[in-house]
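For reference, the structure is listed below as structure tokens.
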Amino acid sequence: MTKKVFIDDTTLRDGEQTAGVVFTNEEKITIAKMLDAIGVHQIEAGIPAMGGDEKEAICAIMDLGLKASIIAWNRPVISDIKTSLECGVKAVALSISTSDIHIQHKLRQTRKWVLDNIRTATEFAKNNGLYVSVNGEDASRADQDFLAEYALAAKEAGADRLRYCDTVGVMDPFITYNRISRLIDKTSLEVEMHTHNDFGMATANSLAGVRAGATYVNTTINGLGERAGNACLEEVVMAMKCIVGTDLGIDTTKFRELSEYVARASHRSLPPSKPITGSNVFTYESQGRAEGVLTDTASYEVFSPEDVGLERRLIIGKYSGVACVQAKLAQYRYFLPFEEASRFLPLLQSRSIDLKRALYDEEVLELYESKVAGGRKWKF
Ligand code: MN
């Protein structure tokens, strides 16, 4: 009953399409190697038809001989597919708009034109031995009956799957579930979810699609991507594992490293609160939580920091409790009895309030040295 679910990561294509982001070819190669090393099943490496550096990077990634399938993005245009073939890829995504708003205003064409083009391009790609994903760009705003017609036309021409693109990120998980279920019922075509995060629902929508039977999820590292970004690789994989209970077979212990690398390469800092790999995900300050975790990590943790390459951190600040102060000092091999720790705590708290932030360990130790261990200025 449970179908295998694959990750098709598009950090190198939709991720790089983020306004203002450019990866060097060296960075692209590093990202492709890292994705392959952790077991990502497919990597969307770019758009060969752009030529120049872009095409070179794709060829160079092909030369790495990775285990992951490399898929190239194309318009349903014969010359695009020929350029993909020159790079040596074995899989192509053929992308065309499926919503009337795009067909009429962006393409200035008709639905029939769209169907004719996808048929011709798919047949050409299949005749050249390629795996074909047909992308329904703006599928979420398309007439869903027409989308099914599009999928069936592509399937008849030999397409292997349909990428359902929520291009402007306007679905919610309930809509997604209903639509993907119906589409699979109607077409029996494999479906890939491509969701954008404009309303913060990219990951949720991808999961809803999977629940409805989709077998591929198109992700990006750090959720990079146009506007508010795409479904985030780390979120999708960990949510599948921890919430859905399906292990996608990806080594998640390198997630933080991957996140940091892509943050640097994209000049986009990683917010501390970023789900899964943010530096705050396993950082504890407030008394209840910190003490809970000190007693049993499961009290506030659904997975362990090591699972994603993070570390558990305890910081001292306004919301800290006595046990946290003791634990923090114990990290530096100081033992402070409960009574003294209780008297020390308000000093730490008021320093934190003055500074409007938590204290660095050095600051805690400095205060400890001067107020407790030193004893000279110690008064309550
Ligand atoms: Mn996109």
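The values are calculated or read from the model by the stated rules, or taken from the named source; none is laboratory data. The model shown is predicted, which means the values in this text are computed figures rather than measured ones. Methodologically, a virtual Cβ is constructed for each residue, glycine included, from the backbone with ideal geometry; neighbour enumeration extends over all protein chains shown. Please note that ligands, DNA and RNA were not included when accessible areas were found on the heavy atoms of the full protein model with its side chains. Shrake-Rupley method; radii C 1.70, N 1.55, O 1.52, S 1.80 Å.
Net length available on complete extension from ASP307 to ASP251 is 19.3 nm, with 0.36 nm assigned per residue and the Cα-Cα distance removed.
Straight-line cross-link reach from LYS106 at under 13 Å between alpha-carbon atoms covers these aspartates and glutamates, not counting any fewer than eight positions away in the same chain: GLU137, ASP138. Computed extension gain for ILE243 through ASN280, at 0.36 nm per residue and net of the alpha carbon distance, reaches 11.3 nm. Counting Lys and Arg as +1 and Asp and Glu as -1 over every other residue whose Cβ lies under 11 Å from the Cβ of ALA142, the net charge comes to -4.
The smallest convex shape that holds all Cα atoms of segment 296-380, its convex hull, gives 113 Å³ per residue. With both labels modelled 7 Å from their Cα along Cα-to-Cβ, the ASP185 to GLU339 distance reads 7.3 nm.
Counted by Cβ distance under 12 Å from ARG351, the other residues give a net charge of +1, where Lys and Arg count +1 and Asp and Glu count -1.
Inter-label distance, SER69 to ALA37: 2.5 nm, where each label sits 7 Å from its Cα along the C-beta direction. A simple spin-label model places the labels of ALA298 and ALA60 4.8 nm from each other, with each point 7 Å out along Cα-to-Cβ.
Between LYS4 and THR110, the FRET efficiency estimated from the beta carbon spacing at R0 = 51 angstrom works out to 0.85. Based on Cα contacts under 8 Å between residues 6+ apart, segment 283-375 shows a relative contact order of 27 percent.
For the chain, the longest principal axis of the Cα atoms and the long axis of helix 78-87 meet at an angle of about 50 degrees. Note on the chain: helix-only mean residue ellipticity at 222 nm, from DSSP H runs of 4+ residues weighted -39500 (n - 2.57) and normalised by residue number, equals -13000 deg cm²/dmol.
Output the 0 to 90 degree angle, nearest 10, between the alpha-carbon long axis of helix 111-127 and the longest principal axis computed from the alpha carbons of the chain. Rounded to the nearest ten degrees, it is 90. For segment 283-375, carbon and sulfur atoms together expose 50% of the accessible surface, with a 1.4 angstrom probe and every protein chain in place. Heavy-atom accessible area with a 1.4 Å probe sorts TYR150, TYR334, TYR284, largest first, into TYR334, TYR284, TYR150.
Normalised per residue, the accessible area of segment 6-266 is 38 Å², obtained with a 1.4 Å probe and no contribution from ligands, DNA or RNA. Scattering from the C-alpha atoms of segment 161-235 alone, worked out with Debye: what is log10 I(q)/I(0) at q = 0.13, 0.20, 0.21, 0.22 1/Å? Rounded to two decimals, the profile gives -0.30, -0.70, -0.77, -0.84.
In the context of the full protein assembly, ARG227 retains an accessible surface of approximately 140 Å², using a probe radius of 1.4 Å and ignoring ligands and nucleic acids. Rounded to whole numbers, the Karplus 3J(HN,Hα) couplings from phi for segment 171-188 are 9, 10, x, 6, 4, 4, 4, 4, 5, 5, 4, 5, 5, 5, 4, 6, 10, 6 Hz, using 6.51 cos²θ - 1.76 cosθ + 1.60 with θ = phi - 60°, and x at Gly and Pro.
Structural size metrics of segment 6-266, computed from C-alpha coordinates, are Rg and Dmax of 16.9, 48 Å. For helix 255-266, what angle does its Cα long axis make with the longest principal axis of the chain, in degrees from 0 to 90 and rounded to 10? Taking Cα atoms only, the helix is inclined about 70 degrees. Of the listed residues ARG182, ARG141, ARG163, the order by accessible area with a 1.4 Å probe, largest first, is ARG182, ARG141, ARG163.
Extension gain, LYS126 to ASP354, is 75.4 nm, computed as 0.36 nm per intervening residue step minus the present C-alpha separation.
Measuring against 25 Å, Cα to Cα, the residue pairs LYS67/LYS254; LYS3/LYS274; LYS55/LYS112; LYS55/LYS90 contain LYS3/LYS274; LYS55/LYS112 as the ones spanning a longer distance. The residues of segment 283-375 expose, per residue, 56 Å² of accessible area to a 1.4 Å probe.
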